[in-house]
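Structure first, commentary second.
The values are calculated or read from the model by the stated rules, or taken from the named source; none is laboratory data. All values derive from a computational prediction rather than experimental measurement. Here Cβ is always computed from backbone atoms with ideal geometry, including for glycine, and neighbour counts include all displayed protein chains.
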Amino acid sequence: MIVPMSTVLAVSAILFGIGVFGFLARRNIILMLVSTEVMLNAVNLSLAGFSQHLDDPRGQVLALFVIAVAAAEAAVGLGIVIALNRNKPGAGVGDLTDLKQ
Amino acid sequence: MIGTVVTQKASGPVLDDLVLVVPELIFVGTALLLILIARRIRKTPVAIVLTVAAAVAAALSAVWFAPAEPTTGFAGMITVDGYATFFRVLIAATVGMTTLLSVRSIVGEEVPRGDYHALLLLAATGMMFSASAIDLLTLYLGLELTTLCAIVLVGIKVDRPLANEAAIKYFLLASFASALLLYGIALTYGATGATDFAGIAAALSKEGLASAPFLLVPLGLVTAGLAFKIAAVPFHAWAPDAYQGASAPVAAFLAAGSKAAGLAALGRVCLVAFGSETEVLSLLLAGLAALSIIAGSVLALSQTDMKRLLAYSSIAHAGYAVLGLLAGTGEGVSAMMTYAFFYVFMTLGAFGVVIALGKRGEELDRYQGLASQRPGMAALMLLFLLSLTGIPPTAGFAAKFVIIQSAVRADHIALAILAVVCSVISAFIYMRVVVLMYMKDPQEAAPSRVPIAVTVAIALAALVTLVGGISPGSLTAWAVSP
C-alpha cells in the first residue's frame, strides 16, 4: 500500500511544527538540539514523500545528505555543550547572559 | 520526472569538471595538510604562511582557470561564470587578510594553530561553493560547511566562557535557520519537481504564485534561511553575540566572508531560481532591507563594545546590499556585488584597526586620544569609518551610490530615502569614535607595536577603500550578474 502524498505532507508539517514549538518553548540546550533534529527529520520525511510522488530519486539523495549534515551538526553542537558545561556546569539558555551591554 | 535536468555530458571525463573547482581543491588540500601536520607546526608560523599562500593561489587560479563562457560541471551542480569568479576572488582575499590579521591573537593565546587555519580554509571552501551553486543541494551543502566551520571558529577558545556562550547561541540559531531553509528546499522540490535553479525557474514560469499561492511558503522559508546567513533583521539576533564572544579576527571573517557568501547565494537564488516571482520576492526583500537598515543603524547608537558596534553596522550594511536585489535585474545584482566587494574591504580594515590595538581596541571609551599617540592608526580608522558612513572620496560612497541608484531605478523611492536618512544616523555612530580619537586627551599609555602582518592587511584594505572611492568604475567590468 502506498501512503497518499497528502498524508505524508501533513505528517511532516505536524512534525516540523512540533520541532519549531520545542525549539521556541524549551530552555534546555540539549532539548533544543533535539527539537532541531525533529525539524530536520520532518524535512527528510517530506523529501522522501515527494521523491516517491514525483518518481524521481533526487529527493532521496537530498535526504541522505541532510542526514549526514545533521550528524556533523550534532557533533559540533554536543562539543560546544561539553565545553560550556566544563566552564559553567548545568547552564541552560536562560543563564547565558554574559554577552550583553 | 517533471524537472528536466540540464545534464552536461553524463559520462564525460571527470578531469574537465575538476578544473572548475581548482580554487576549492587548493583550499581543501591545504586544510587537510594542515590537519595532518598540526602537531609538528605548533610553535612555528608555517600554518600562517601556508594559508596565505593558499589564498593567493586560489585567487589567481580562480581568475586563471575561469572559462570564457559560463560552464556547468558535476552534472549541473555548480557553474563557473563571472559571478562565481568575482565572489571566489573576494572570498580568497578575505581568507588571506583574515590570516594576516589573526597573527597576534593566535600567537598570544593557546589556540591550536593548524586547526584554526584549516577551519578558515574549509569555511572559505563552503563559501566558494555557495557562490557557484546552481542546485539547491550544493547551495545547502556550501552554506552548511561554512556555518559549521564558523561556529567552531567562534568557540575555538574553549576555556573562555564568553566564547562558549557565543558559540552555543550561534549554533542554536544557525541550526534552526538551516532547518527552515531545508524545509523551504523540500517544499520547492515538491512543488516544482526540480532542485536545480534552471528547472525551478522553468516550472515556476509555467505555474507561478498567481495560480499556486502555496508557493509563497517555500519562497519565504528559503529567503528566511538565506537572510539568516547575511544577518538581516529579523534574523540577526546571533550576530552581535557571536562577534562579541569570538576573537576579533574571527568576527572580521564572519562579518566579511560569511556575509559575502550569503549575499552571493541570495543573489543567484533571487535572480535565477525565483526570477519569475520578482514582485513577491522584492516585497519580502524590501521588508528585510528596511528593517535591517533601521535596526542596524539605531541599535548601534547605544553600543560601547567595538565588536558589537561593528556587528550592528554589518547588519545595516546587509540591508543596503539587499537593496540591489529588489529590482530583480542583472544591473541591480551587479550593484549588490560592488557593494559587497567594497563592504568586505572596509569592514576588514575597521576590524584590522580594532585588532591592531589589542584589548584596547575592543572598547569604545579606550579610543580616547589615539590620534596623538598613534596618528597613522587613527587616520586609517578615520578612513574606514568615513567609508562605512559613505562619505566621498571613499569606496563606501561609491558603493552606496550605486546601490541607492539601483533602488531608485526599481521605483523604491521611499526605501532610497530611508537609506539616505539612516546613513546620516549611522554617521553619528562612526563619528563618535572619531571624536574620541581626535578631540580627547589620552587616558592610558600608547598601545604596543603592531605586527607587520596586521599592518600589511590594514594597508591593503585602505588601498582598496581609497582606489574604490577615486575610480569606482574600475570594478564594474568584473561585477557581472549571472
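Return yes or no: is A:Ser6 within 9 Å of another protein chain (Cβ to nearest Cβ) and part of a helix (DSSP H, G or I)? No: the conditions fail for A:Ser6. Screening region B:460-480 for residues that are farther than 21 Å from B:Tyr83 by Cα and in contact (Cβ under 8 Å) with a residue 12 or more places away in the chain and picking the one that is surrounded by the most Cβ atoms within 10 Å (Cβ to Cβ) gives B:Ala461.
Take A:Leu64 and decide whether it is more than 7 Å from chain B (Cβ to nearest Cβ), closer than 24 Å to A:Leu96 by Cα and among the hydrophobic types (A, V, I, L, M, F, W, C). So A:Leu64 does not fit the description; no. Can you tell me which residue in region B:114-134 is modelled with the lowest pLDDT, limited to those that are under 19 Å from B:Ile26 (Cα atoms) and more than 17 Å from the chain's Cα centre (by Cα)? Once the filter is applied, the top-ranked residue is B:Gly114.
Provide a single number: the residues in region B:184-194 that are modelled with pLDDT of 95 or more and either outside any helix (DSSP H, G or I) or small (Gly, Ala, Ser) (or both). Residues meeting the conditions: 2.
Selection of region B:194-215 for residues being over 20 Å from B:Arg268 (Cβ atoms) and of a type outside the set (A, V, I, L, M) yields B:Lys206, B:Glu207, B:Ser211, B:Pro213, B:Phe214.
With respect to the conditions (1) in a helix (DSSP H, G or I); (2) surrounded by 19 or more Cβ atoms within 10 Å (Cβ to Cβ), A:Gly17 falls short on a single one, namely (2).
Out of curiosity, is B:Ala242 within 14 Å of another protein chain (Cβ to nearest Cβ), buried (at least 24 other Cβ atoms within 10 Å of the Cβ) and either among the aliphatic types (A, V, I, L, M) or under 14 Å from the mean Cα position of the chain (by Cα) (or both)? Taking the combined requirement at face value, the residue satisfies it. Being assigned to a helix (DSSP H, G or I) and either surrounded by 21 or more Cβ atoms within 10 Å (Cβ to Cβ) or within 13 Å of chain A (Cβ to nearest Cβ) (or both) is a property that B:Gly199 has. Scanning region B:275-287 for residues that are of a type in the set (A, V, I, L, M), surrounded by fewer than 22 Cβ atoms within 10 Å (Cβ to Cβ) and within 18 Å of B:Thr188 (Cα to Cα) returns B:Val280, B:Leu284.
A quick yes/no check of all residues on (1) part of a loop (DSSP other than H, G, I, E, B); (2) of a type in the set (Ser, Thr, Tyr); (3) at the interface with another protein chain (Cβ under 7 Å from one of its Cβ atoms):
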site: A:Gly59; (1), (2), (3): no, no, yes
site: A:Ala70; (1), (2), (3): no, no, no
site: A:Ala83; (1), (2), (3): no, no, yes
site: A:Arg86; (1), (2), (3): no, no, no
site: A:Thr97; (1), (2), (3): yes, yes, no
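As a summary of the residue check, B:Phe171 satisfies the conditions (1) at the interface with chain A (Cβ under 7 Å from one of its Cβ atoms); (2) of a type in the set (A, V, I, L, M, F, W, C); (3) part of a loop (DSSP other than H, G, I, E, B); (4) buried (at least 24 other Cβ atoms within 10 Å of the Cβ) except for the one numbered (3). Residues in region A:59-87 that are over 21 Å from A:Phe16 (Cα atoms) and surrounded by 15 or more Cβ atoms within 10 Å (Cβ to Cβ): A:Val76, A:Gly79, A:Ile80, A:Val81, A:Ala83, A:Leu84, A:Asn87. Filtered by the rule that a residue be crowded, with 16+ Cβ neighbours inside 10 Å and among the hydroxyl-bearing types (Ser, Thr, Tyr), region B:32-66 gives B:Thr51, B:Ser61. Please verify whether B:Ala290 is farther than 23 Å from B:Leu386 by Cβ and either more than 14 Å from chain A (Cβ to nearest Cβ) or surrounded by fewer than 20 Cβ atoms within 10 Å (Cβ to Cβ) (or both), treating the condition exactly as stated. Yes: the conditions hold for B:Ala290.
Answer yes if at least one residue in region B:159-167 is closer than 29 Å to A:Leu15 by Cβ and either within 14 Å of chain A (Cβ to nearest Cβ) or at pLDDT below 95 (or both), and no otherwise. Yes, region B:159-167 contains a residue that is closer than 29 Å to A:Leu15 by Cβ and either within 14 Å of chain A (Cβ to nearest Cβ) or at pLDDT below 95 (or both).
The single condition among (1) facing another protein chain (nearest Cβ under 7 Å); (2) surrounded by 13 or more Cβ atoms within 10 Å (Cβ to Cβ) that A:Asp55 does not meet is (2). Within region B:123-168, the residues that satisfy the criterion of being closer than 30 Å to B:Gly193 by Cα and of a type in the set (Val, Ile, Thr) are B:Thr125, B:Ile134, B:Thr138, B:Thr146, B:Thr147. Restricting attention to region B:135-162, the residues being more than 18 Å from the chain's Cα centre (by Cα) and crowded, with 24+ Cβ neighbours inside 10 Å number 3. Across region A:28-41, the qualifying residues are those that are more than 7 Å from chain B (Cβ to nearest Cβ) and not in a loop (DSSP other than H, G, I, E, B), and the one among them that is surrounded by the most Cβ atoms within 10 Å (Cβ to Cβ) is A:Ser35. Whether a residue is within 14 Å of another protein chain (Cβ to nearest Cβ), surrounded by fewer than 24 Cβ atoms within 10 Å (Cβ to Cβ) and out of contact with any Gly (no Cβ under 7 Å at 6 or more places or on another chain) was assessed, and B:Pro112 passes this test. Somewhere in region B:310-319, is a residue at pLDDT 95 or above and either outside any helix (DSSP H, G or I) or within 14 Å of chain A (Cβ to nearest Cβ) (or both)? Yes, the conditions are met somewhere in region B:310-319.
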